[in-house]
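Below is one structure, written out as structure tokens; comments come after it.
The values are calculated or read from the model by the stated rules, or taken from the named source; none is laboratory data. For clarity, every value in this text was computed on a predicted model and none was experimentally measured. Note: ideal-geometry Cβ built from the backbone for every residue, glycine included; neighbour counts use all protein chains shown.
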Amino acid sequence: MWFISDENFKTFADEISKEYTLYFPVLKETRYNWKKYQKDDEISLDGFRTDLPAKYFFYATQEELRQKEKTPFAVLGMRACDLEGLKLLKKIYLDEPQDPYFRDENLIITADCTDCGENCFCTVLGKKPYAEDGFDLNFSRTDGGFFVQTGTQKGNALIEKLKELFIKATEEHKYSVSRRREEILKKVSEKNNNQEIVLKELGEKIEKNREVFEEFSKTCVSCSACTNICPACFCFFLSEGAKGKIRYADSCQFKGYARVAGGANPRKELAPRFKHRFLCKFSFRPQMQEYTGCTGCGRCIDGCQGKIDFKEVILKVYET
Amino acid sequence: MKPDPYKPVKAEILDVRDETPNIKTFVLKPEIPIPFKTGQFIQFTVFGEGEAPFTPSSSHFETEKFEVTIMKAGRVTEKIHGLKKGDAVGIRGPLGKGYPLNEFEGKEVLILGGGVGMAPLRSLLLTLLHEKEKYKRIVLLYGAKTPDDIVYKDEFSNWRKMGAEIFQSVDRCETGKWQGKTGVVTCLFDEVKLNPEQGVAIVCGPPIMMKFGTLKLIEIGYKPQNIFLSMEKNMSCGIGKCGHCALGKFFVCKDGPVFNYSEIKDIEGIWE
Ligand SMILES: Cc1cc2nc3c(=O)[nH]c(=O)nc-3n(C[C@H](O)[C@H](O)[C@H](O)COP(=O)(O)OP(=O)(O)OC[C@H]3O[C@@H](n4cnc5c(N)ncnc54)[C@H](O)[C@@H]3O)c2cc1C
Ligand code: SF4
Ligand code: FES
């Protein structure tokens, strides 16, 4: 475990950007967005998740599937919720046969949240606003700099390479970080009235429930904002056309998504289609891929054109 | 670069046979052999136009070339029907899991087919007949809408000679040129003596036939785990990534397309 001072942190970003295209979050008014790093950009790792998930660094919303040069990229300041989503995406895209277009040559540097967005609810799912595994490096804000943990060989090698920028972390650093983590966990929990659910039970309850989905789906306009903005949704459409194979982001919320030739469609009605998203996230994916398809980032609540509160839906199902 | 599972292998159309007014069989020779197991499927690319999934209809013991039997059902299949001998197409595969032949060994095998659903079943039948001593008995019940809709018309007598017991029906016949049974395929159960407790049954056909065929099999005593269904869902990637083919927790393209009934019977809306 290491410590990097605020001063050295600037050099660190410069060094990383020599090898990787570097993306980091910037604050615009009250929200965060990704930006490509340029020399002299100010990087603060404070705050909470960005509007757009980090997943679109790993694959594009629309992309021609032909061999091309891959430029390695680094994401500095990814939050725990995006990293959780990435675990499922990797399970899908990198399971055999591997998707050769998934951009896996990268550097993932997560950062602890220091604040909480309006709709964040990771704690309701028993998840935390800081990452504990799955990163190359994790940065935790502390006095005068960051407490740095390594999660992979790649992370270790990077510290080794830039070792003049880091010092060994002290007990004091460690203590200060655990205090900060307690605080942010408390903040997010309190924002969510300290509610917490057992994920396995939720999956089973979703399977049995019909009414809640019928009620909440009434205002759904099948726009796909929720699935596009989700850090764990992975669906796409592989099209064959004049340019060969093109992969487009797709959504189970579109009416034609599951239609087969002859017109049969298992989810042509709105309510079953709406419910499918919840089933997929809390029942199917945990059973088959071992990861929940929801990370509690709350982006789907921000983005819903039908003003549907995803958290309210799962809590209502959970309570009935 | 890692191998690209989205990139089709080029194949040449060696021959095209008309089966019915809207079903054709294409004989394909891929540049690199595609060693499939019966029941697995392939993605058929019409370059620049589209892609659709089909199950090879030939025996898996034939490896240099294979056949697909395709019904005209929409945009891509319409394009496929326009293809001629000598044209180049693209094939991705083999995809998914085929029939678990080892579970059929030593048993009475009942094959229940309807319409173009006979395509994967022809592959199965030919594969089984190739090693018919491994199976106790091979019975085929096949139904089509009208006599004109029967696929592989000229092959049935040959399959009989090779050792299959075959019973056929048509839903209706206006021309009077049909001597056999008239009625939906399940009426054929009255024609044949079966041993359901020890048997396996394989079903493929239109959703309504799959549904009533399966329920009938259960009714006469087949065990759910001994009934094998080829499920059709919308497909895109064919390799368990795009999500389109979801059937409950399964991706049909990867976990199927062949399932035994006990695996999927509790999934809501499986016949839709
Ligand atoms: C495992 C499996 C095996 C099958 N085996 C057989 C068989 O042996 N014989 C047979 O006749 N039928 C078979 N089918 C059914 C066959 O796949 C459909 O009839 C066929 O997909 C219809 O395609 P269409 O474009 O003509 O129909 P449409 O109704 O026009 O389109 C159906 C779907 O095709 C896809 N599609 C359309 N355009 C494109 C494009 N440009 N690029 C990529 N995808 C596109 C879309 O997902 C669309 O929803 C099988 C289906 C499955 C799932
Ligand atoms: S964002 Fe809201 S309205 Fe749009 S598809 Fe999702 S649930 Fe429906
Ligand atoms: S067709 Fe893409 S996941 Fe099955």
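Numbers below:
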quantity: Residue among A:Tyr291, A:Tyr248, A:Tyr257 that alone is under 29 Å from A:Glu96 (Cα atoms), without any contact (Cβ under 8 Å) to a residue 24 or more places away in the chain and either within 13 Å of chain B (Cβ to nearest Cβ) or crowded, with 17+ Cβ neighbours inside 10 Å (or both); calculated: A:Tyr257
quantity: Qualifying positions in segment B:227-242 - touching a helix residue (DSSP H, G or I) at 6+ places or on another chain (Cβ under 8 Å) and either among the polar types (S, T, N, Q) or within 16 Å of ligand 1 (Cβ to nearest atom) (or both); calculated: B:Phe228, B:Leu229, B:Ser230, B:Met231, B:Glu232, B:Lys233, B:Met235, B:Cys237, B:Gly238, B:Ile239, B:Gly240, B:Lys241
quantity: Hits in segment A:107-118 - residues which are surrounded by fewer than 20 Cβ atoms within 10 Å (Cβ to Cβ) and either among the hydroxyl-bearing types (Ser, Thr, Tyr) or within 16 Å of the chain's Cα centre (by Cα) (or both); calculated: A:Thr114
quantity: All positions within segment A:214-245 that are within 12 Å of another protein chain (Cβ to nearest Cβ) and part of a helix (DSSP H, G or I); calculated: A:Thr227
quantity: Scan of segment A:122-158 for residues that are surrounded by fewer than 18 Cβ atoms within 10 Å (Cβ to Cβ) and over 20 Å from the mean Cα position of the chain (by Cα), ordered by number; calculated: A:Asp143, A:Gly144, A:Gln153, A:Lys154, A:Asn156, A:Ala157
quantity: Residue ID - surrounded by the fewest Cβ atoms within 10 Å (Cβ to Cβ), chosen from residues in segment A:262-288 that are within 16 Å of ligand 1 (Cβ to nearest atom) and within 11 Å of chain B (Cβ to nearest Cβ); calculated: A:Gly263
quantity: Meets criteria (of a type in the set (Asp, Glu), in contact (Cβ under 8 Å) with a residue 24 or more places away in the chain and farther than 19 Å from A:Cys81 by Cα) for A:Glu211; calculated: yes
quantity: Residue in segment A:29-59 that is nearest to A:Thr11 (Cα to Cα), counting only those that are free of Cβ contacts under 8 Å to residues at least 60 places away in the same chain and within 15 Å of the chain's Cα centre (by Cα); calculated: A:Trp34
quantity: Qualifying positions in segment B:49-61 - within 14 Å of chain A (Cβ to nearest Cβ) and touching an Asp or Glu at 6+ places or on another chain (Cβ under 7 Å); calculated: B:Glu49, B:Gly50, B:Glu51
quantity: Filtered residues of segment B:248-272 (kept if facing chain A (nearest Cβ under 9 Å) and either crowded, with 23+ Cβ neighbours inside 10 Å or under 21 Å from B:Glu105 (Cα atoms) (or both)); calculated: B:Phe251
quantity: Test: residue in segment B:214-234 that is over 20 Å from the mean Cα position of the chain (by Cα) and of a type in the set (Ser, Thr, Tyr); calculated: yes
quantity: Of residues in segment B:189-244 being within 16 Å of ligand 3 (Cβ to nearest atom) and among the hydrophobic types (A, V, I, L, M, F, W, C), the one surrounded by the most Cβ atoms within 10 Å (Cβ to Cβ); calculated: B:Cys237
quantity: Unmet criterion (only one of (1) within 16 Å of ligand 3 (Cβ to nearest atom); (2) of a type outside the set (Ser, Thr, Tyr); (3) at pLDDT 95 or above) for B:Gly256; calculated: (3)
quantity: Test for A:Lys154: is it assigned to a helix (DSSP H, G or I) and either outside the structural domain of A:Asp115 (by TED's automatic domain parsing) or touching a Ser or Thr at 6+ places or on another chain (Cβ under 9 Å) (or both); calculated: no
quantity: Set A:Val177, A:Val212: member being in the same structural domain as A:Gly47 (by TED's automatic domain parsing), modelled with pLDDT of 95 or more, surrounded by 17 or more Cβ atoms within 10 Å (Cβ to Cβ) and not basic (Lys, Arg); calculated: A:Val177
quantity: Residue match in segment B:54-65 (condition: surrounded by 16 or more Cβ atoms within 10 Å (Cβ to Cβ) and either acidic (Asp, Glu) or out of contact with any helix residue (DSSP H, G or I) (no Cβ under 8 Å at 6 or more places or on another chain) (or both)); calculated: yes
quantity: Per-region count, segment B:47-72, residues within 10 Å of ligand 1 (Cβ to nearest atom) and closer than 19 Å to B:Asp4 by Cβ; calculated: 4
quantity: Unmet requirement for A:Glu201, which otherwise passes all of (1) within 27 Å of the chain's Cα centre (by Cα); (2) over 30 Å from A:Ile16 (Cα atoms); (3) surrounded by 15 or more Cβ atoms within 10 Å (Cβ to Cβ); (4) not polar (S, T, N, Q); calculated: (3)
quantity: Top-ranked residue in segment B:179-214 [being in a helix (DSSP H, G or I), of a type in the set (D, E, K, R) and farther than 18 Å from B:Leu121 by Cβ; ranked as modelled with the highest pLDDT]; calculated: B:Glu197
quantity: In segment B:21-48, residue nearest to the other protein chains (Cβ to nearest Cβ) [restricted to those that are buried (at least 21 other Cβ atoms within 10 Å of the Cβ) and among the hydroxyl-bearing types (Ser, Thr, Tyr)]; calculated: B:Thr45
quantity: Matching helices (runs of 4 or more DSSP H) fully within segment B:60-178 where at least 1 residues are over 22 Å from B:Val192 (Cα atoms) and within 16 Å of ligand 3 (Cβ to nearest atom); calculated: B:75-81
quantity: Qualifying position, being closer than 23 Å to B:Gly74 by Cβ, within 11 Å of ligand 2 (Cβ to nearest atom) and part of a loop (DSSP other than H, G, I, E, B), among A:Gln253, A:Gln305; calculated: A:Gln253
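Table: residues versus (1) more than 16 Å from ligand 1 (Cβ to nearest atom); (2) among the small types (Gly, Ala, Ser); (3) modelled with pLDDT under 95.
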site: B:Gly86; (1), (2), (3): yes, yes, no
site: B:Pro94; (1), (2), (3): no, no, no
site: B:Gly98; (1), (2), (3): no, yes, no
site: B:Arg122; (1), (2), (3): no, no, no
site: B:Leu129; (1), (2), (3): yes, no, no
